[in-house]
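All remarks here apply to the structure that follows.
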Amino acid sequence: MRVTLLGTGDTTGTPTVGCDCDTCTAARERGVERTRFSVHVENERTGESLLIDFSPDFRYQFLRDDVPLPDAAVITHIHFDHLDGLGNVFRVVDSLEVYAADETDPQTDKSVAETVRDDYHYLDPVTVVPTTPLETVHSCGLDVTLVPVEHPPLVCYGLAIEDPWTGAKLSITGDTSYDIPEESRAVLADADLLLADGIVPASLCEHHPLGGRHEDSEGTPRTFGTKHMTREGALAMAEQLNADRTRLVHLAHFYPAEEAFEEPLAIDGEEYVL
Ligand SMILES: [Zn+2]
Ligand SMILES: [Zn+2]
Ligand SMILES: [Zn+2]
């Protein structure tokens, strides 16, 4: 399984348009970036590729990292930075199965699968496959399991992707607070590579109108506001999930410049063979 981190940024990305903060400036100087979230998984045994989320930067990411177009895809939730690149497949991909959760979201009265189908009903190549969380589906020769996470007010899902032949396992937390349900943690556990949402360092919680939550024994918030894990929360989650290797993703330009490119914060284009 070859994993390429196409997009490792939050919803504005780094550099952010119109921003000359130290972190965006440092990114420009280093020639690195964090575009909106997407992960490419290539099954080298079958030659198929599975895409996790449709970044608005889809076209640019595929040109930049020169990875094969997807044969299937998963959408974790309906926020702009994860879904709104789907239109890019028009006239580029002949047919595409898109897996998305089938549970009704009380916030929208629709499941993620229904929202994707309704919003992109004109996209003929796309077939939405409503998928029950915590039940494993088989796609691109891989076992894929969506797991509920906590990203209020919308439903959102993390996922585990396993190669049944080699046992290689990739886990992705999705956009989530530290409050990932126990049965979801069990599915995400023991990955060779974990991609964990660590949007900002815990020190920035004082700037969030809602502050931080889910403090550890030292009082350090593991959740930023209500929707995302702090860096410290993501690292604690990685420890809990017993991941072999962890990269933090969905990173904001609010990281102070001197911390923004430290390990284990990911940048776009990283590639891992599991
Ligand atoms: Zn900036
Ligand atoms: Zn989100
Ligand atoms: Zn997001």
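Here are a few things to note about the model shown:
- Relative contact order [Cα under 8 Å, 6+ residues apart], the range 168-215, whole percent: 44
- Calculated P(r) tail over 16 Å for the range 133-176, as whole % of Cα pairs: 38
- The range 33-156, relative contact order in percent, only Cα pairs under 8 angstrom and at least six apart counted: 21
- Mean Cβ neighbour count within 10 Å, used as a protection proxy, ranking 233-239, 66-72, 181-187 highest first: 233-239, 66-72, 181-187
- Each of His82, Pro56, Gly158 was scored by the projection of its Cα onto the charge dipole of the chain, and the greatest displacement toward the positive side belongs to Pro56; charges sit on the C-beta of Lys, Arg, Asp and Glu.
- A straight line joining the Cα centroids of the range 125-187 and the range 236-274 runs 19 Å.
- As a length-normalised measure over Cα pairs under 8 Å and 6 or more apart, the relative contact order of the chain settles at 19 percent.
- Nearest-ten-degree value, helix 231-240 long axis tilted from longest Cα axis of the chain: 60
- Percentage, to the nearest whole number, of Cα pairs in the chain over 32 Å apart: 17
- DSSP bridge analysis restricted to the chain gives an antiparallel fraction near 60%, rounded to the nearest 5.
- Net charge of Cβ neighbours under 11 Å - reference Ala252; Lys, Arg +1; Asp, Glu -1: 0
- Beta bridge orientation in the range 180-274: antiparallel %, DSSP, nearest 5: 45
- Placing unit charges on each Cβ (+1 for Lys and Arg, -1 for Asp and Glu) gives the range 226-274 a dipole about its Cα centre, and among Thr246, Gly233, Ala257 the Cα reaching farthest toward its positive end belongs to Gly233.
- With neighbour counts taken as other beta-carbon atoms within 10 Å, the residues Lys110, Lys227 rank, fewest first, as Lys110, Lys227.
- Charged-residue dipole, Cβ positions (Lys, Arg, Asp, Glu), the chain about Cα centre, Debye nearest 20: 360
- By definition, a body whose alpha carbon gyration tensor gives a ≥ b ≥ c is rounded when a/c is under 1.5, and the range 26-166 falls into this rounded group.
- Calculated SAXS-style log₁₀ I(q)/I(0) at q = 0.09, 0.12, 0.13, 0.19 Å⁻¹ - the range 142-274, Debye, Cα scatterers: -0.24, -0.43, -0.50, -1.04
Only the coordinates and a few stated rules stand behind these numbers; no lab work does. For clarity, every value in this text was computed on a predicted model and none was experimentally measured. Ideal geometry is used to build each Cβ from the backbone, glycine not excepted, and the neighbour counts take in all protein chains shown.
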